[in-house]
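I have placed the structure first, in the form of structure tokens, so that the comments after it can refer back to it.
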Amino acid sequence: MKKFQKFLFADLDDTLFQSLEKCRSAEGLQATAFLKDGSPISYTTPAQRAFITFAQDGMTIIPTTARNLDALNRVDVPFMSWCVIDYGGIVLHPDRSVDQFWLAHMQAKMQAALPGMQELTRVIDDWAERTGYGGRTRLVEDFDTPFYLVIKDPHKIGANLEPIEREVVAPWIADGNRDYFIHRNGNNLAILPNALNKANAVAYVTQKLREQHGDIITFGMGDSKSDARFMAACDYAIVPPRTQLAGLTLEAL
């Protein structure tokens, strides 16, 4: 029987690990991701560590994450192959060097999207000033390239982001049919250009893997709606329990 190389494209936050607040129990937790000052920010459960060990024994894990390179480097899980970061804006080779073809491809698209993101930043911040909302938008950049906007509620109450999405961001996108989409999950509200998508980067890396290994089997694993497209592009999909995607799956049954 022919042996296939197996690759797992895995989202990180809320998939392989999560914040302390999202852990159901404190028993057996292990710090896995860290802030710039070295303090822990995310943890794995014993079951998650068992899954990572299981996956690494038979598959190659490729992180497929919104994290930038600095944030990825603060994750205490060994990744030995390609990496997809910045929501698919950056592809890293196994030696962590940047794929220059993909970088140039995405830089052109992101520069075209930048004026819209700058305009929306002003719109959101003006609304925040009028209403007294304490949060502000942040333009996420990496490798001198702007990628997307993110707003986090300062009180870590995800529901507080709903008025921004409903009253500010959604109408702005609809007015003129602007080429952006909204991703909200927990305490994160992100606005991304449609050209920025993990699925596109996963397709690119999958092509490179097939050129190197021939026939392969790919698995996609993620927690949120924004992961669904790259997961659907893989041969099989894995959905962790008690996540946004798991909830949508149960609703459909």
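The values are calculated or read from the model by the stated rules, or taken from the named source; none is laboratory data. These numbers were taken from a predicted model, which means no experiment stands behind them. Backbone-built Cβ (ideal geometry, glycine too); neighbour counts: all protein chains shown. All accessible areas refer to the heavy atoms of the entire protein, side chains included, with ligands and DNA or RNA removed. Shrake-Rupley method; radii C 1.70, N 1.55, O 1.52, S 1.80 Å.
Among the residues of region 68-82, none qualifies, meaning not one is under 15 Å from the mean Cα position of the chain (by Cα), among the aliphatic types (A, V, I, L, M), over 20 Å from Arg210 (Cα atoms) and part of a loop (DSSP other than H, G, I, E, B). Here His105 passes the criteria (1) open to solvent by 40 Å² or more (accessible area, probe 1.4 Å); (2) more than 30 Å from Tyr43 (Cβ to Cβ); (3) touching a helix residue (DSSP H, G or I) at 6+ places or on another chain (Cβ under 9 Å); (4) at pLDDT below 95 except the one numbered (4). Looking across region 118-140 at every residue that is out of contact with any Leu (no Cβ under 9 Å at 6 or more places or on another chain) and closer than 24 Å to Gln107 by Cβ, the one that is most open to solvent (accessible area, probe 1.4 Å) is identified as Arg122. A single entry from Asn73, Asn68 fulfils the requirement of being open to solvent by 20 Å² or more (accessible area, probe 1.4 Å) and either in contact with a His (Cβ under 8 Å, 6 or more places away or on another chain) or touching a residue at least 60 places away in the same chain (Cβ under 8 Å) (or both): Asn68.
Residues in region 141-160 that are open to solvent by less than 10 Å² (accessible area, probe 1.4 Å) and either over 22 Å from Val84 (Cα atoms) or touching a strand residue (DSSP E or B) at 6+ places or on another chain (Cβ under 7 Å) (or both): Pro146, Phe147, Leu149, Ile151, Asp153. Taking Ile191, is it touching a residue at least 24 places away in the same chain (Cβ under 8 Å), closer than 25 Å to Gly88 by Cβ and open to solvent by less than 60 Å² (accessible area, probe 1.4 Å)? Yes; evaluated as a whole, the condition is true for this residue.
Can you confirm whether region 230-241 contains a residue that is open to solvent by 20 Å² or more (accessible area, probe 1.4 Å) and within 24 Å of Met110 (Cα to Cα)?
Yes, that holds for at least one residue.
Scanning region 41-51 for residues that are more than 19 Å from the chain's Cα centre (by Cα) and not aliphatic (A, V, I, L, M) gives Thr45, Pro46, Arg49, Phe51.
Scanning region 46-55 for residues that are open to solvent by 50 Å² or more (accessible area, probe 1.4 Å), over 30 Å from Ala195 (Cβ atoms), among the hydroxyl-bearing types (Ser, Thr, Tyr) and assigned to a helix (DSSP H, G or I) turns up at least one hit.
Yes or no, residue by residue, for (1) modelled with pLDDT under 95; (2) of a type in the set (A, V, I, L, M, F, W, C):
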{"residue": "Phe4", "(1), (2)": "yes, yes"}
{"residue": "Ser19", "(1), (2)": "yes, no"}
{"residue": "Ser25", "(1), (2)": "yes, no"}
{"residue": "Ala33", "(1), (2)": "no, yes"}
{"residue": "Asp37", "(1), (2)": "no, no"}
{"residue": "Ala66", "(1), (2)": "yes, yes"}
{"residue": "Ser81", "(1), (2)": "no, no"}
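Given the structure, is Gly176 over 21 Å from Tyr204 (Cα atoms), in contact with a Lys or Arg (Cβ under 9 Å, 6 or more places away or on another chain) and at pLDDT below 90?
Working: over 21 Å from Tyr204 (Cα atoms): yes; in contact with a Lys or Arg (Cβ under 9 Å, 6 or more places away or on another chain): no; at pLDDT below 90: yes.
Here the answer is no, as Gly176 does not meet what is asked.
Rundown of residues vs (1) surrounded by fewer than 20 Cβ atoms within 10 Å (Cβ to Cβ); (2) of a type in the set (A, V, I, L, M, F, W, C); (3) free of Cβ contacts under 8 Å to residues at least 60 places away in the same chain; (4) part of a helix (DSSP H, G or I), yes/no style:
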position	(1), (2), (3), (4)
Arg166	yes, no, yes, yes
Gly176	yes, no, yes, no
His183	yes, no, yes, no
Ala195	yes, yes, no, no
Tyr204	yes, no, no, yes
Phe219	yes, yes, no, no
Asp227	no, no, no, yes
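Scanning region 1-19 for residues that are free of Cβ contacts under 8 Å to residues at least 60 places away in the same chain, open to solvent by 70 Å² or more (accessible area, probe 1.4 Å) and within 27 Å of Phe230 (Cβ to Cβ) returns a single hit, Lys3.
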